[in-house]
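*Asks:* Mind having a look at this structure? Questions to follow.
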Protein chains: 2
Amino acid sequence: MGGDRRTFLKLALAAGSLAEGTRVAEAGEAPVAPAKVAWRRIATEEAFATPAQMEAMGALGRSTWNNPDLALWRSFTGSRGERMRLRRALLDITDERLADMDANGVDMHVLSLTSPGVQMFDAETAVRIAAEANDFLAGIIERHPGRFAGLAAFAPQDPAAAVREMERAVRELKLNGFILNSHTNNEYLDNPKYFPILEAAEALDRPIYIHPRCPSDLLVEGCREYGMTSGMWGFYAETSLHATRMLLSGVFDRFPRLKIVLGHMGEGLPYWLWRIGNIYDAFHPPGSATRLRTPPVEAFRRNFVITTSGVNDPDVLTYVIAKLGVENVMWAIDYPYERTAPAVRFMDSAPIPDADRRRIYQANAERVFHIGG
Amino acid sequence: MGGDRRTFLKLALAAGSLAEGTRVAEAGEAPVAPAKVAWRRIATEEAFATPAQMEAMGALGRSTWNNPDLALWRSFTGSRGERMRLRRALLDITDERLADMDANGVDMHVLSLTSPGVQMFDAETAVRIAAEANDFLAGIIERHPGRFAGLAAFAPQDPAAAVREMERAVRELKLNGFILNSHTNNEYLDNPKYFPILEAAEALDRPIYIHPRCPSDLLVEGCREYGMTSGMWGFYAETSLHATRMLLSGVFDRFPRLKIVLGHMGEGLPYWLWRIGNIYDAFHPPGSATRLRTPPVEAFRRNFVITTSGVNDPDVLTYVIAKLGVENVMWAIDYPYERTAPAVRFMDSAPIPDADRRRIYQANAERVFHIGG
């Protein structure tokens with residue numbers, strides 16, 4: 001990787017993109033030299049933090065709560081370079097982030113409050129910090145036309161307040177959907193207490209992006225070692241548990257037009273669709289009383305869209321296009337946790353027709369998130 | 001599915017395979033009409049039970065232990081048709097099983113004691129039932145030349161006894177490898193207490209097939225509803241947890257020639273290789289003190305072989321061949337939990353060259369399990 005990085009730095013220097021490039025290159029990846037292309041590159045899972053979130057998560061980090069999601073925030077109290085870079089990059093919108101976008105030919109970030117959002121706070125704090133973050137987002141989007149869209153945070157701890165904030169975020173702030181970081185206090189969206197939230201998302205015709213967080217207490221004890229609460233296991237176990245519970249509980253019979261977005265190539269679910277369908281059919285054969293009107297595989301195809309965040313793998317991309325249809329795949333970087341340049345190189349060079357590249361980079365995101373042209 | 005089944009029953013009747021076919025068709029799937037082919041169809045994850053295992057699991061089932069693996073065995077006390085069929089099929093080798101193999105052109109079952117094997121018993125009972133099962137297996141294989149191979153059970157509860165049984169199973173009984181049904185009392189093979197077992201498998205040059213069981217206590221609370229302890233989520237969560245712990249713990253630095261087999265298209269790990277490698281490299285960059293000699297992705301490619309059990313999906317097959325190489329994929333049915341005919345139809349019609357079909361049906365299994373020609 002060191003060699004690869006040096007090679008791209010040399011290429012970037014040779015291409016004359018030094019001015020914007022050097023700051024970004026300090027963070028470890030030289031930018032790609034952006035070519036003129038016939039599409040907008042819209043990145044759909046891009047994280048930011050507000051000072052209020054950072055402060056409140058820092059306070060939790062100083063507690064004795066043995067929750068793996070707090071590890072990141074605890075590390076921000078140190079002085080290690082990479083963690084300080086992350087902290088700065090999460091809080092920044094218009095400095096390094098826009099420069100990184102420009103240097104890599106990224107037109108737009110769809111921003112979302114970084115995991116675990118407001119979901120570890122008491123209800124009152126969560127409601128307040130979510131509203132402030134949404135106001136902040138709306139301001140950023142207004143001041144940088146065409147460069148940002150935003151997913152609204154909400155506080156599942158208070159479903160009625162969450163619904164009010166969701167309505168405000170779409171109707172007044174013109175935000176583009178909602179971000180939920182998997183479980184809230186070890187509960188998932190199949191729990192009927194959250195149905196008003198699902199109903200609101202459906203009525204407002206905006207998707208909920210279910211983003212990973214570290215595994216809930218129901219899962220975490222198996223993966224505390226080896227860094228496994230991360231995307232090496234814990235993130236996809238947690239988020240696939242969440243999505244599978246929704247698919248099997250009948251949520252999508254009740255809310256047939258609800259749209260859910262999953263990152264990380266669908267958190268593994270596209271790989272399992274055949275087996276889930278096969279076992280579901282054995283448990284609940286066609287015609288049986290317990291069979292859902294929309295069985296899980298059909299609901300996944302109808303109600304879910306996935307993004308490429310964190311998985312720059314052309315084999316997986318080929319698979320998900322075959323499995324789900326190109327119209328259900330969107331591009332994402334996962335900035336600043338992942339680097340922009342490899343994500344752009346991956347999608348620029350993916351072995352697909354340019355018409356599909358345009359769908360994944362642009363058209364699907366415009367449709368799903370109601371982003372204007 | 002009903003229509004599909006009827007169509008195949010008609011085809012089977014038309015093809016004159018009625019004699020062997022009707023018994024099998026009663027169980028819900030008409031056999032494929034076996035064509036003359038240039039390979040042996042070797043099925044590599046085929047379950048059986050011994051009366052002693054059935055009795056001892058039944059006794060556990062009458063306890064109050066709230067363990068999801070006991071649900072199957074509790075259901076055997078009822079009189080429901082499908083469960084009685086399963087019980088009979090697990091205990092049978094030479095009656096319906098051989099007929100089903102013949103009717104579908106399946107040459108060989110690689111047999112293994114059905115999940116959770118002996119792993120829920122006290123150590124003494126486990127050692128005894130494993131040894132009896134292995135003796136039984138050796139007898140079956142001897143009496144039906146070319147029709148069966150077998151994976152030896154062992155009792156991880158007593159690692160020293162397990163090693164002795166593994167040595168006996170290979171050297172005296174000529175069995176072909178080992179079966180382990182994921183966790184034992186909520187512990188995984190990364191636990192150093194089990195290293196003698198890994199050392200023995202490596203020294204004997206025989207693979208350990210890590211088969212699913214329901215999630216351990218570390219995972220189970222998240223998936224007790226909706227039938228999710230099954231292959232719809234729990235099986236792959238449990239088994240991928242097991243394999244990922246091994247990959248990240250350094251087990252394969254210590255035992256570089258250890259061979260692990262995973263069913264169900266690799267329990268999801270092939271889908272995640274890019275992301276696991278990406279995050280591992282970020283946590284443990286090349287040259288860092290904590291980096292394993294053989295990082296997880298390289299260890300997966302070197303030490304793991306997968307089977308198709310329970311996933312008759314040509315898209316997934318195409319993906320795993322591209323990702324792992326065709327030499328690392330074997331065919332399996334998962335009899336009697338899955339039907340033979342669809343698994344044969346799937347592999348007979350998979351969009352791959354016949355040379356690859358022969359590898360997946362035959363050559364890879366002969367190599368991995370040391371099966372004679």
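The values are calculated or read from the model by the stated rules, or taken from the named source; none is laboratory data. Small disclaimer: the values here were computed from a predicted structure and weren't measured. Neighbour counts run over all protein chains shown; Cβ positions are idealised from the backbone, glycine included. In case anyone asks, the SASA skips ligands and DNA or RNA and just uses the protein heavy atoms, side chains included. Shrake-Rupley method; radii C 1.70, N 1.55, O 1.52, S 1.80 Å.
*Asks:* Only one of these conditions is not met by residue A:286: (1) more than 9 Å from every other protein chain (Cβ to nearest Cβ); (2) over 22 Å from the mean Cα position of the chain (by Cα). Which number is it?
*Replies:* Condition not satisfied by residue A:286: (1).
*Asks:* Continuing with the same structure: Confirm whether residue B:47 is in contact with a strand residue (DSSP E or B) (Cβ under 9 Å, 6 or more places away or on another chain) and assigned to a helix (DSSP H, G or I). Give the derivation first.
*Replies:* Working: in contact with a strand residue (DSSP E or B) (Cβ under 9 Å, 6 or more places away or on another chain): yes; assigned to a helix (DSSP H, G or I): no.
When the stated conditions are applied, residue B:47 does not pass them.
*Asks:* Looking only at the stretch B:227-252, count how many residues are under 10 Å from residue B:213 (Cα atoms) and assigned to a loop (DSSP other than H, G, I, E, B).
*Replies:* 3
*Asks:* Hey, among A:318, A:307, which residue is buried (at least 23 other Cβ atoms within 10 Å of the Cβ) and among the polar types (S, T, N, Q)? Even if it seems obvious, please write down each step before you answer.
*Replies:* Values: A:318 fails: buried (at least 23 other Cβ atoms within 10 Å of the Cβ).
Residue meeting the stated conditions: A:307.
*Asks:* Between A:327, A:298, which is among the acidic types (Asp, Glu), under 17 Å from residue A:276 (Cβ atoms) and modelled with pLDDT of 95 or more?
*Replies:* Values: A:327 fails: under 17 Å from residue A:276 (Cβ atoms).
When all the criteria are applied, what remains is A:298.
*Asks:* Farther than 22 Å from residue A:324 by Cβ, aliphatic (A, V, I, L, M) and part of a helix (DSSP H, G or I): does that describe residue B:347? Let's see the steps before the verdict.
*Replies:* Details: farther than 22 Å from residue A:324 by Cβ: yes; aliphatic (A, V, I, L, M): yes; part of a helix (DSSP H, G or I): yes.
It is true that residue B:347 is farther than 22 Å from residue A:324 by Cβ, aliphatic (A, V, I, L, M) and part of a helix (DSSP H, G or I).
*Asks:* Are there any pairs, at least 6 apart or on different chains, whose C-beta atoms fall under 6 Å, with the first in the stretch A:282-302 and farther than 19 Å from residue A:262 by Cβ and free of Cβ contacts under 8 Å to residues at least 60 places away in the same chain and the second open to solvent by less than 70 Å² (accessible area, probe 1.4 Å) and of a type in the set (Gly, Ala, Ser), and if so, which?
*Replies:* A:283/B:227; A:292/A:250
*Asks:* If you don't mind, there's one more thing I want to ask. Hey, can you tell me all the residues within the stretch B:256-283 that are open to solvent by 60 Å² or more (accessible area, probe 1.4 Å) and facing another protein chain (nearest Cβ under 7 Å)? Step through it out loud before you land on a result.
*Replies:* Of all residues in the stretch B:256-283, those open to solvent by 60 Å² or more (accessible area, probe 1.4 Å) come to B:257, B:259, B:274, B:282-283.
B:274, B:283 - these are the residues of the stretch B:256-283 that are open to solvent by 60 Å² or more (accessible area, probe 1.4 Å) and facing another protein chain (nearest Cβ under 7 Å).
*Asks:* A follow-up question, please. Can you tell which of B:110, B:163 is surrounded by 24 or more Cβ atoms within 10 Å (Cβ to Cβ), among the β-branched types (Val, Ile, Thr) and outside any loop (DSSP other than H, G, I, E, B)? I'd like the intermediate steps shown before the answer.
*Replies:* Values: B:163 fails: surrounded by 24 or more Cβ atoms within 10 Å (Cβ to Cβ).
The match here is B:110.
*Asks:* Return the pairs, sorted by first residue and then second, in which the second residue is open to solvent by less than 20 Å² (accessible area, probe 1.4 Å), the first residue lies in the stretch A:331-357 and is basic (Lys, Arg), the beta carbons are less than 6 Å apart, and the residues are 6+ apart or on different chains.
*Replies:* Short answer, once both residue conditions are applied: A:345/A:32.
*Asks:* Somewhere in the stretch A:315-324, is a residue in contact with a strand residue (DSSP E or B) (Cβ under 7 Å, 6 or more places away or on another chain) and within 23 Å of residue A:204 (Cβ to Cβ)?
*Replies:* No, the stretch A:315-324 has no match at all.
*Asks:* A further question on this structure: Among the numbered conditions (1) within 9 Å of another protein chain (Cβ to nearest Cβ); (2) of a type in the set (Gly, Ala, Ser); (3) surrounded by 24 or more Cβ atoms within 10 Å (Cβ to Cβ), tell me where residue B:234 comes up short.
*Replies:* Of everything listed in (1) within 9 Å of another protein chain (Cβ to nearest Cβ); (2) of a type in the set (Gly, Ala, Ser); (3) surrounded by 24 or more Cβ atoms within 10 Å (Cβ to Cβ), residue B:234 misses just condition (1).
*Asks:* Another question, then. From the list A:95, A:69, A:100, A:122, pick out the single residue that is closer than 30 Å to residue A:365 by Cα, surrounded by fewer than 17 Cβ atoms within 10 Å (Cβ to Cβ) and charged (D, E, K, R).
*Replies:* Working: A:69 fails: surrounded by fewer than 17 Cβ atoms within 10 Å (Cβ to Cβ); A:100 fails: surrounded by fewer than 17 Cβ atoms within 10 Å (Cβ to Cβ); A:122 fails: closer than 30 Å to residue A:365 by Cα.
Going through A:95, A:69, A:100, A:122 in turn, the sole match is A:95.
*Asks:* If you don't mind, another one. So which pairs qualify, if the first residue must be in the stretch B:199-228 and at the interface with chain A (Cβ under 7 Å from one of its Cβ atoms) and closer than 21 Å to residue A:248 by Cβ, the second must be open to solvent by less than 10 Å² (accessible area, probe 1.4 Å) and β-branched (Val, Ile, Thr), the Cβ gap must be under 7 Å, and the two must be at least 6 apart or on different chains?
*Replies:* Note: pairs meeting the criteria are B:228/A:244.
*Asks:* Follow-up. I'd like to check something: does the stretch A:244-255 contain any residue that is out of contact with any Cys (no Cβ under 8 Å at 6 or more places or on another chain), more than 9 Å from chain B (Cβ to nearest Cβ) and either of a type in the set (Asp, Glu) or closer than 30 Å to residue B:187 by Cβ (or both)?
*Replies:* Within the stretch A:244-255, one or more residues are out of contact with any Cys (no Cβ under 8 Å at 6 or more places or on another chain), more than 9 Å from chain B (Cβ to nearest Cβ) and either of a type in the set (Asp, Glu) or closer than 30 Å to residue B:187 by Cβ (or both).
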